[in-house]
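Okay, structure first, notes after.
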Amino acid sequence: MVIRRDSLRVAQTEDLHRIMDLLSLKEHHARTLLIHYRWDVEKILAVLVEKGNEQLYVEAEHPANKFTTMDCGHYFCNDCWTEHFIVRINEGESRRVRCMAHKCNAICDDGKIRNLVSKRDSAAAEKFDRFLLESYIEDNKRVKWCPSVPHCGNAIRVEEDDYFEVECACGHQFCFGCSSEAHSPCSCLMWELWMKKCQDESETVNWITSHTKPCPKCHKPVEKNGGCNLVVCVCGQAFCWLCGGATGREHTWSTIAGHSCGRFKEDDLKKAKHAKLEWWRYIHYHNRYKAHTDSYKLEAKLEETIKEKISSLEDRDTTSKDFSWVTNGLYRLFRSRRILSYSYPFAYYMFGNELFRNEMTKEDREIKKNLFEDQQQQLEANIEKLSMCLEEPFHTLDDDKVLETRMRIITMMTIVDNLCRKMYECIEGDLLGSLQHTIHIIAPYRSKGLEKASEITDWRNHSYTRERNSSSNGVKGSDESSTDLVLNQTESGCSSRKRARAESSSFSLNQVESGCSSSKHATADFEDRFFDLNLPADV
């Protein structure tokens with residue numbers, strides 16, 4: 001019989017199906033037997049009749065139950081697969097374990113991997129499951145671990161691709177773009193450079209460059225402390241301060257014996273002046289950044305004092321029992337102080353030459369710098385006024401004076417809020433928005449503070465509860481009732497701190513008027529864009 005190339009597969013399939021139907025085998029097991037018996041179907045039938053089913057596989061030395069075939073069609077013994085999987089899991093490649101056949105890039109079946117590995121190494125199987133679960137976070141651009149230290153175990157999911165700063169349920173606030181602390185109005189790149197500049201010794205190097213020169217013998221930095229240009233290092237080497245060349249010690253006020261500097265090196269002088277200018281520029285912005293950061297830390301201690309003042313006012317027989325304006329003013333102070341402190345690193349890079357050298361002319365840079373600094377000064381002055389108002393002992397005043405203080409604090413809150421918003425509009429529109437060659441994005445200004453992540457609800461429990469309530473009422477349930485279920489579930493999954501904030505939503509009208517932030521804690525509807533993912537302890 002002639003088997004042409006186009007009918008070869010038909011002939012092979014015919015023999016495969018004969019063995020598959022006779023022995024109730026899968027295709028890859030049948031192929032294993034046929035390859036061993038050299039595709040002699042009659043011999044397989046003879047061995048089956050004479051020695052039985054089990055001996056058939058023993059002679060083939062490949063028991064069918066010890067082979068596994070992946071979706072790509074490649075099959076190997078279970079021991080080989082298991083070794084391959086364990087090695088890949090321990091190397092951190094659990095998310096995409098590929099077939100071990102040569103040049104095969106097919107991804108192996110998760111269930112088969114788990115089944116084979118668990119029989120030999122339960123720890124590796126648990127690691128495999130954990131890596132698969134964590135891939136939802138590490139490979140998902142909309143989900144990130146909360147970077148709190150110590151780690152709270154939460155992850156944050158955003159529902160949009162916008163640039164956000166978020167607050168985890170643990171209270172930690174961070175930038176979703178770079179996972180650093182919330183740093184607007186700085187862009188991520190600005191904040192990264194600023195942190196590096198504050199932590200390393202780059203500015204110390206600038207100072208050394210400005211005030212010292214290296215010894216030509218021991219190369220240690222030497223500072224000049226007199227008017228003579230002949231300088232002697234502690235190692236004993238004399239050298240010329242102008243050119244840095246080694247010399248002898250014989251000299252006069254105008255010359256050094258046996259030494260001539262030649263031409264004056266103007267470039268070195270320019271570099272020294274530039275380094276010194278950059279040093280003082282950095283000191284200017286760093287001092288103000290540090291001053292407001294320290295003020296923020298000190299004002300954080302005001303929270304306990306404010307609570308005591310509110311408690312004292314509540315104990316009095318006053319006409320008004322709503323003192324949310326005090327806590328609202330304190331939170332407004334915290335947010336605006338943080339924005340002000342981070343505006344100085346922004347200004348350092350925005351009006352320097354490190355990032356935007358070719359983006360603005362010298363005249364444009366100076367004009368924009370002056371306008372921005374005017375806004376900074378106005379914001380700083382009003383923040384200080386708000387801070388002074390909150391530090392006043394208003395709990396000791398009579399009711400009329402307390403009302404005056406209340407109006408003054410609410411007015412200052414509104415002014416500070418508007419100034420912060422205008423600063424962001426200036427940054428986003430006039431400064432960063434006008435860039436032609438680079439793109440820097442900052443988180444938008446939020447008058448009520450960062451979005452508070454809400455607990456994610458288990459849709460299975462939600463569906464079960466909804467069905468149970470619907471059946472008990474004899475109806476399918478309205479949209480209103482389903483919304484209430486989500487609210488109840490969200491509240492039950494929150495901490496007591498979040499529930500307390502939710503209960504305070506009855507003051508929402510006053511909070512909106514005074515720029516309060518606590519309304520964001522009370523929302524738990526379907527339009528929340530941030531969720532908290534608490535991973536289960538056991539997979």
Heavy-atom accessible area per residue - region 296-431, 1.4 Å, Å²: 50
Per DSSP, loop GluC sites (Glu not before Pro) in region 84-146 with at most 12 further Cβ within 10 Å: GLU91
Inter-site label distance for LEU355 and LYS369 at 7 Å from Cα along Cβ, in nm: 1.6
Nearest-10 value in Å² for the accessible area of PHE239, using the 1.4 Å probe: 0
Cleavage-rule hits (trypsin sites (Lys or Arg not before Pro)) in region 83-187: DSSP loop, at most 11 neighbouring Cβ within 10 angstrom: LYS103, LYS141
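Kindly state, to the nearest 0.05, the FRET efficiency for LYS270 paired with CYS218, given R0 = 25 Å and r defined as their beta-carbon distance.
0.40
Could you give the length gained by full extension between GLN199 and GLU50, i.e. 0.36 nm per residue of separation minus their alpha carbon distance, to one decimal place?
Additional length available on full extension: 45.5 nm.
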Across LYS144/LYS448; LYS197/LYS297; LYS224/LYS368; LYS66/LYS127; LYS309/LYS448, pairs whose alpha-carbon gap is larger than 30 Å: LYS224/LYS368
19 Å Cα-Cα threshold exceeded, pairs from LYS213/LYS276; LYS213/LYS290; LYS213/LYS273; LYS220/LYS270: LYS213/LYS290; LYS220/LYS270
Sparse-neighbourhood loop sites, GluC sites (Glu not before Pro) in region 332-409 - DSSP loop, at most 14 other Cβ within 10 angstrom: GLU354
HN-Hα J in Hz across region 75-86 - Karplus 6.51, -1.76, 1.60, θ = phi - 60°, x for Gly and Pro: 9, 9, 5, 5, 5, 5, 4, 4, 4, 4, 5, 4
Additional length obtainable on full extension of the chain from ARG249 to SER320, 0.36 nm per residue less Cα span: 17.1 nm
LYS385 versus CYS104: modelled label distance in nm, points set 7 Å from Cα along the beta carbon direction: 7.6
Lys, Arg +1 and Asp, Glu -1 on Cβ, resulting dipole of region 296-431 about Cα centre, debye, nearest 20: 320
Nitroxide proxy distance, nm - points 7 Å out along Cα→Cβ at ARG18 and ASP79: 3.3
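Quantify, in whole percent, the carbon and sulfur part of the accessible surface of region 207-259 (1.4 Å probe; protein heavy atoms only). Write down the numbers at each step before the final one.
Numbers: 1840 of 3370 Å².
The nonpolar share, carbon plus sulfur, comes to 55 percent.
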Förster radius 35 Å - calculated FRET efficiency between SER434 and ASN225, Cβ distance, rounded to 0.05: 0.15
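Determine the dipole magnitude for region 389-435: charges of +1 sit on the beta-carbon of Lys and Arg, -1 on that of Asp and Glu, nothing else is charged, the reference point is the Cα centre, and the result goes in debye to the nearest 20.
Details: 5 positive and 10 negative charges, 26 e Å.
The dipole of region 389-435 has a size of about 120 debye.
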Cα centre as origin, Lys/Arg/Asp/Glu Cβ charges: region 337-393 dipole, Debye: 200
Built amide H within the under 5 Å cut-off of ASN154, gap 5+: CYS146
Over region 296-431, equivalent-ellipsoid semi-axes from the Cα gyration tensor in Å: 39, 13, 10
5 angstrom amide H check on VAL222, placed H, neighbours 5+ away: LYS213, CYS215
Protection proxy ranking of 327-340, 433-446 - average other beta-carbon atoms within 10 Å, highest first: 327-340, 433-446
Charge dipole (region 296-431, unit charges on Cβ, about Cα centre) - positive-most of ILE410, ILE383, ILE367: ILE367
Region 296-431 - percent of accessible surface contributed by carbon and sulfur, probe 1.4 Å: 51
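The values are calculated or read from the model by the stated rules, or taken from the named source; none is laboratory data. Being a predicted model, the structure only gives us computed values, none of them experimental. For neighbour counting, all protein chains shown are included, and Cβ atoms are generated from backbone atoms with ideal geometry for every residue, glycine included. We work out accessible area using only protein heavy atoms, side chains counted, and drop any ligands, DNA or RNA first. Shrake-Rupley method; radii C 1.70, N 1.55, O 1.52, S 1.80 Å.
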